[in-house]
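Novice: Before I ask anything, let me first share the structure, which is written out below as structure tokens.
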Amino acid sequence: MFPRLLVAAFFALPASAQQFVLNTADVPPSAGTTEQVDYADVDLDGDWDVGFANGGDIGNQQNILWINRGGLQGGVVGVFTNETVTRFPAILDASRDIEFADYDSDGDPDAFIANDCALSNQPSRFWTNRGGAQGGTIGTYVDETSTRWIGLGGAGSSMPTSQVLAGGGYIEFPNDTDFADFDNDGDLDLIHATWGPAAIGQAPTRIFQNDGAGFFTEFNPSGFQLSGGNILNGNPGLWCQGTQMANTTNATGVNCDIATSAINADWGDVDGDLDLDILLGARQEFPRLFLNRLEENGGVPGFRDATGASFQAGYSQGSGHYEETFGDFDGDDDIDIYGVNWLTTFSLVDVALRNSGAGFFNQLISIPASLPDDSNAELIDYDLDGDVDVFVSCFGGQERIVRNDGGWAFSATTGLMTPDGTTTQDSEVADADNDGDYDVINANDAGQAEWYLKNTATANDVTAPRIVRLEQAPFRQPGLNPTVVRCQVYDNAPLNLSQWLVPVVEVRVDSGPTTSIPMRSSFGQIFRGAISGALVGLIEYRVTIADEHGNTSATPWLLYVSGVSGTPFCSGDGTGTQCPCGNNASAGRGCGNSLGAGARLTGSGTPLVSSDSFVLSVSPVPNSSVLFFQGTAQVSGGAGSVFGDGLRCAGGTVTRLGTRTAVANYAQYPDVLDAPVSIRAAIPLAGGNRTYQAWYRNAAAFCTPSTFNLSNGWEVLWLP
């Protein structure tokens, strides 16, 4: 990291109070200029191994790999040996970051090494795990830098050929890199947080898209190519909507600022749409937030600089800011921010910014006992009370934990760990010894040994992950393309561990047997599942998850229909302009009900008068009586009329088809007990158009107590 003021003194803490104790017996000797550390189970044997990025400002050094002696090694879990010589490529470089990610989608963790060109030009490197698709020894790595960078300096790339290096890569000054599936195509893409030469903040941070097999092409929808290493005001924003303008507060897409002294990059869904947004730290300027427009653009990836709208005035001051982390500190199922040294006036103060739930960070508090040399923040539930606290690294002072007190309050802790005056650049948290609590590895600079802080607590993690959002699958026709559903997961575990979880989508068709489909991590606390597109019928699905300590949770069942017949009408557009009492109708549904989203009616099967298999399905509805009825026309004007808490849509000659009791917020007509019942009995032999709707009781209603509501309308052309 960039040099700064050193604090020589550290707190003298009583040994009897220490929970995190320096352990030198279980780690190999170490020394180096270590910039970053990352955990991964590189050999897939069930324990956490550790990689270190070395070099940085000092120059070229060897990156290091410690292997945990549990699992395949047959030793004691939580004891590490240095196996760099046999597992890592013998390459000396000025590394600032190491990130483990399965970038080639073959099931094992690969490694990416971010290298700085301040002293000499050198590429950032792709080191591929030789297990999986490579067919070699798992947990050993080969350098594939020359082949995995694609099209640099060519058509569509923003960089001129003068910036491209022979043998792969380009001239850059990254301090942090991160992987995430920002385009929702099932593979991990890459962001380079670049602060530029001498941290002057004029070089653009860049994003690279994965082709699915681990080959990376620059994401540059602008198509603009720079003339040199810097981006100028007025140039297109490359990957961000609008034109480049330093320090802009515009949040409408006219301007953006992707050239800062970016010291960190974090992926996370800040606005609850399951797309991964970007928080870009900046040392000299103020940190910036970019919202992913994937949903708004109809599946086309793109970003908008939302800094001016998402942050309140004064969210950051001065310069000398360092890293940040996302975390749901208040337990309200959205991600908040902990910013290291974000307030810099007469001192450097850490802050916490509270998310309103829509990506607006409108409550800021200063963190007590902030130190001027704070360098990094990592989530840790040190007291195992189920919420996330923060482990704060210090560049020359005492590492400490900021305790989450609940109710959007934080307090300083003292005496929790071995007194420390080392130059710590980075820390990572994991249950290294598999005893149910979280330990810490400190990456130390200036030739100092890395620190292994072993957690001596006797309590175990008993908090299950929370699946706070599960994507509603659209109704569809069968086909080759899968039905993709995403979910957002929160846990009391560090983010770098949560991204390696493997949730499962459980699927059943027409109440048949359940099959399980592993989900892929998109990183940033988002997971992606792909349900076969060939399924036909009523598809129910849910997500289950287990963390590394065996704590489990599951979502409620959701449903969609594959093989629909007919078209919706009189359904919501999300604005609620037609619904009474402001109970907005979500797109494709009836007016909002006591369950929130509004009821969606659909038809599936074949509407033949001669021999039909047509079924009406509605969800979500309260678990009470549901009346299905048929009309011969849409209500005049097609917009419906207010009826209870909903809109009357099916009109003309109305026929009551039948009443069913909803179970698990779902009802259908005919149901499995209605084999002799057929909707076609109410259709002339010649067929024709018919409209359908579902009526249901709506307790805890919007307009008046204990009234009723309706679904959207559904129109079907019956054939003879």
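Novice: Starting from residues that are small (Gly, Ala, Ser) and within 22 Å of Asn264 (Cβ to Cβ), keep the ones in the range 192-222 and report whichever is surrounded by the fewest Cβ atoms within 10 Å (Cβ to Cβ). Spell out the reasoning first.
Specialist: Just the residues of the range 192-222 that are small (Gly, Ala, Ser), to begin with: 193, 196, 198-199, 201, 203, 212-214, 222.
Now restrict to residues that are within 22 Å of Asn264 (Cβ to Cβ): 193, 196, 198-199, 201, 203.
Values: Ala193: 27, Gly196: 22, Ala198: 11, Ala199: 19, Gly201: 22, Ala203: 27.
Here the residue is Ala198.
Novice: List the number of the failed condition for Ala262; all other conditions in (1) open to solvent by less than 10 Å² (accessible area, probe 1.4 Å); (2) in contact with a strand residue (DSSP E or B) (Cβ under 8 Å, 6 or more places away or on another chain); (3) modelled with pLDDT of 95 or more hold.
Specialist: (3)
Novice: Where residues in the range 454-466 are open to solvent by 10 Å² or more (accessible area, probe 1.4 Å) and not in a loop (DSSP other than H, G, I, E, B), which of them is farthest from Asp26 (Cα to Cα)?
Specialist: Arg466
Novice: Restricted to the range 647-673, and to residues that are of a type in the set (D, E, K, R) and within 44 Å of the chain's Cα centre (by Cα), which residue is modelled with the lowest pLDDT? Can you show your working first?
Specialist: First, pick out the residues of the range 647-673 that are of a type in the set (D, E, K, R): 648, 656, 660, 671.
Imposing the further condition that a residue be within 44 Å of the chain's Cα centre (by Cα) reduces the set to 648, 660, 671.
Values: Arg648: 90, Arg660: 92, Asp671: 74.
Here the answer is Asp671.
Novice: If you go through the range 322-369 one residue at a time, how many are buried (at least 23 other Cβ atoms within 10 Å of the Cβ) and among the polar types (S, T, N, Q)?
Specialist: Total satisfying the criteria: 3.
Novice: Identify, from the list Arg96, Arg87, Arg69, the residue that is under 29 Å from the mean Cα position of the chain (by Cα) and either surrounded by 24 or more Cβ atoms within 10 Å (Cβ to Cβ) or of a type in the set (D, E, K, R) (or both). Please lay out each step first, then the result.
Specialist: Values: Arg87 fails: under 29 Å from the mean Cα position of the chain (by Cα); Arg69 fails: under 29 Å from the mean Cα position of the chain (by Cα).
It is Arg96.
Novice: From Arg148, Arg87, grab the single residue that is basic (Lys, Arg) and within 25 Å of Ala449 (Cβ to Cβ).
Specialist: On the way: Arg148 fails: within 25 Å of Ala449 (Cβ to Cβ).
Going through Arg148, Arg87 in turn, just one is basic (Lys, Arg) and within 25 Å of Ala449 (Cβ to Cβ): Arg87.
Novice: Go over the candidates Thr260, Thr243, Thr248, Thr252 one by one and state the one that is among the hydroxyl-bearing types (Ser, Thr, Tyr) and under 19 Å from Glu295 (Cα atoms).
Specialist: Thr252
Novice: Please go through the range 268-306 and pick out each residue that is within 18 Å of Asp336 (Cβ to Cβ), open to solvent by 20 Å² or more (accessible area, probe 1.4 Å) and either assigned to a strand (DSSP E or B) or of a type in the set (Val, Ile, Thr) (or both).
Specialist: Of everything in the range 268-306, just one residue is within 18 Å of Asp336 (Cβ to Cβ), open to solvent by 20 Å² or more (accessible area, probe 1.4 Å) and either assigned to a strand (DSSP E or B) or of a type in the set (Val, Ile, Thr) (or both), namely Leu291.
Novice: Does Glu428 qualify as being at pLDDT below 95, under 30 Å from Val462 (Cβ atoms) and among the acidic types (Asp, Glu)?
Specialist: Working: at pLDDT below 95: no; under 30 Å from Val462 (Cβ atoms): yes; among the acidic types (Asp, Glu): yes.
For Glu428, the condition - at pLDDT below 95, under 30 Å from Val462 (Cβ atoms) and among the acidic types (Asp, Glu) - is not met.
Novice: Right, another one. Cβ-Cβ under 6 Å, sequence separation 6+ or interchain: first residue in the range 425-453 and under 13 Å from Phe80 (Cα atoms) and assigned to a strand (DSSP E or B), partner open to solvent by 10 Å² or more (accessible area, probe 1.4 Å) and β-branched (Val, Ile, Thr). Which pairs?
Specialist: These pairs meet every condition: Tyr452/Val27.
Novice: So which of Arg542, Arg508 is modelled with pLDDT of 95 or more, open to solvent by 10 Å² or more (accessible area, probe 1.4 Å) and of a type in the set (D, E, K, R)? Don't jump to the end; show me each part of the working.
Specialist: Numbers: Arg508 fails: modelled with pLDDT of 95 or more.
Among Arg542, Arg508, only Arg542 is modelled with pLDDT of 95 or more, open to solvent by 10 Å² or more (accessible area, probe 1.4 Å) and of a type in the set (D, E, K, R).
This table checks each residue for (1) under 26 Å from Phe126 (Cα atoms); (2) acidic (Asp, Glu); (3) at pLDDT below 95.
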position	(1), (2), (3)
Phe219	yes, no, no
Leu226	yes, no, no
Thr249	no, no, no
Ile258	yes, no, no
Gln284	no, no, yes
Asn297	no, no, yes
Pro301	yes, no, yes
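Novice: Moving on. Six or more apart or on different chains, Cβ atoms under 8 Å: show the pairs whose first residue is in the range 138-153 and open to solvent by 40 Å² or more (accessible area, probe 1.4 Å) and whose second is aliphatic (A, V, I, L, M).
Specialist: From the range 138-153, the pairs are Ile138/Val42; Ile138/Leu44; Asp143/Ile91.
Novice: With (1) in a loop (DSSP other than H, G, I, E, B); (2) open to solvent by 40 Å² or more (accessible area, probe 1.4 Å); (3) not hydrophobic (A, V, I, L, M, F, W, C) as the list, and Arg469 as the residue in question, which single condition is left unmet?
Specialist: (1)
Novice: Now for a different question. For the range 531-560, enumerate the residues that are touching a residue at least 40 places away in the same chain (Cβ under 8 Å), under 20 Å from Leu501 (Cα atoms) and part of a loop (DSSP other than H, G, I, E, B).
Specialist: Once the filter is applied, which keeps residues that are touching a residue at least 40 places away in the same chain (Cβ under 8 Å), under 20 Å from Leu501 (Cα atoms) and part of a loop (DSSP other than H, G, I, E, B), the range 531-560 yields Asp547, Glu548, His549, Asn551, Thr555, Pro556.
Novice: Select from the range 160-191 the residues that are among the small types (Gly, Ala, Ser) and under 26 Å from Ala530 (Cβ atoms) and write down the one among them that is least open to solvent (accessible area, probe 1.4 Å). Break it down into steps so the answer makes sense when it comes.
Specialist: To start, the set of residues in the range 160-191 that are among the small types (Gly, Ala, Ser) comprises 162, 166-169, 180, 186.
Still in the list and also under 26 Å from Ala530 (Cβ atoms): 180, 186.
Working: Ala180: 0, Gly186: 17 Å².
Per the stated criteria, the residue is Ala180.
Novice: Okay, moving on. Can you confirm whether Val390 is hydrophobic (A, V, I, L, M, F, W, C), in a strand (DSSP E or B), without any contact (Cβ under 8 Å) to a residue 40 or more places away in the chain and under 29 Å from Gln19 (Cβ atoms)? Explain how you work it out, then say what you get.
Specialist: On the way: hydrophobic (A, V, I, L, M, F, W, C): yes; in a strand (DSSP E or B): yes; without any contact (Cβ under 8 Å) to a residue 40 or more places away in the chain: no; under 29 Å from Gln19 (Cβ atoms): yes.
No, not satisfied.
Novice: Also: Out of the range 339-387, which residues are part of a loop (DSSP other than H, G, I, E, B) and under 25 Å from Asp461 (Cβ atoms)? Outline the logic, then answer.
Specialist: We begin by selecting, within the range 339-387, every residue part of a loop (DSSP other than H, G, I, E, B); these are 345-347, 356-360, 367-373, 381-387.
Of everything in the range 339-387, those that are part of a loop (DSSP other than H, G, I, E, B) and under 25 Å from Asp461 (Cβ atoms) turn out to be Ile367, Asp381, Tyr382, Asp383, Leu384, Asp385, Gly386, Asp387.
Novice: Show the residue pairs that are 6+ apart or on different chains and have beta-carbon atoms under 7 Å apart, the first residue being within the range 502-519 and in a loop (DSSP other than H, G, I, E, B), the second being among the polar types (S, T, N, Q).
Specialist: The qualifying pairs are Pro503/Thr544.
Novice: Here is a follow-up. Can you tell me which residue in the range 45-66 is farthest from Phe112 (Cα to Cα), limited to those that are of a type in the set (S, T, N, Q) and under 30 Å from the mean Cα position of the chain (by Cα)? First the steps, then the outcome.
Specialist: Of all residues in the range 45-66, those of a type in the set (S, T, N, Q) come to 54, 60-63.
Now narrow it down to the ones that are under 30 Å from the mean Cα position of the chain (by Cα): 54, 63.
On the way: Asn54: 13, Asn63: 11 Å.
Of everything passing the filter in the range 45-66, Asn54 is farthest from Phe112 (Cα to Cα).
Novice: Also: Ser319 fails exactly one of the following numbered conditions: (1) farther than 30 Å from Ile467 by Cα; (2) open to solvent by 30 Å² or more (accessible area, probe 1.4 Å); (3) of a type in the set (S, T, N, Q); (4) in a strand (DSSP E or B). What is the number of that condition?
Specialist: Of the numbered conditions (1) farther than 30 Å from Ile467 by Cα; (2) open to solvent by 30 Å² or more (accessible area, probe 1.4 Å); (3) of a type in the set (S, T, N, Q); (4) in a strand (DSSP E or B), the odd one out for Ser319 is (4).
Novice: For residues that are at pLDDT 80 or above and of a type in the set (S, T, N, Q), scanning just the range 633-646, find the one that is most open to solvent (accessible area, probe 1.4 Å).
Specialist: Initially, the range 633-646 is screened for residues at pLDDT 80 or above, giving 633-635, 641-646.
Subsequent filtering for residues that are of a type in the set (S, T, N, Q) retains 634, 641.
Details: Gln634: 70, Ser641: 53 Å².
Checking each candidate, the answer is Gln634.
This table checks each residue for (1) of a type outside the set (Asp, Glu); (2) more than 21 Å from Asn496 (Cβ to Cβ); (3) in contact (Cβ under 8 Å) with a residue 60 or more places away in the chain.
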{"residue": "Met245", "(1), (2), (3)": "yes, yes, no"}
{"residue": "Asn250", "(1), (2), (3)": "yes, yes, no"}
{"residue": "Asn255", "(1), (2), (3)": "yes, yes, no"}
{"residue": "Thr260", "(1), (2), (3)": "yes, yes, yes"}
{"residue": "Asn264", "(1), (2), (3)": "yes, no, yes"}
{"residue": "Gly298", "(1), (2), (3)": "yes, yes, no"}
{"residue": "Ala306", "(1), (2), (3)": "yes, yes, no"}
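Novice: Out of everything in the range 232-241 that is assigned to a loop (DSSP other than H, G, I, E, B) and free of Cβ contacts under 8 Å to residues at least 40 places away in the same chain, what residue ends up being surrounded by the most Cβ atoms within 10 Å (Cβ to Cβ)?
Specialist: Step one: list which residues in the range 232-241 are assigned to a loop (DSSP other than H, G, I, E, B), which gives 232-235, 237-239, 241.
Now restrict to residues that are free of Cβ contacts under 8 Å to residues at least 40 places away in the same chain: 232-235.
Details: Leu232: 13, Asn233: 12, Gly234: 9, Asn235: 20.
Here the answer is Asn235.
Novice: Sort out which residues of the range 128-137 are within 27 Å of the chain's Cα centre (by Cα) and either on the phi > 0 side of the Ramachandran plot or open to solvent by less than 50 Å² (accessible area, probe 1.4 Å) (or both), and write them in order of number.
Specialist: Thr128, Asn129, Gly131, Gly132
The values are calculated or read from the model by the stated rules, or taken from the named source; none is laboratory data. No experiment lies behind these values; they were computed from the predicted model shown. FYI the Cβ positions are ideal-geometry reconstructions off the backbone, even for glycines, and counts take in every protein chain you see. Areas reflect the complete protein model, heavy atoms only, side chains present, ligands, DNA and RNA absent. Shrake-Rupley method; radii C 1.70, N 1.55, O 1.52, S 1.80 Å.
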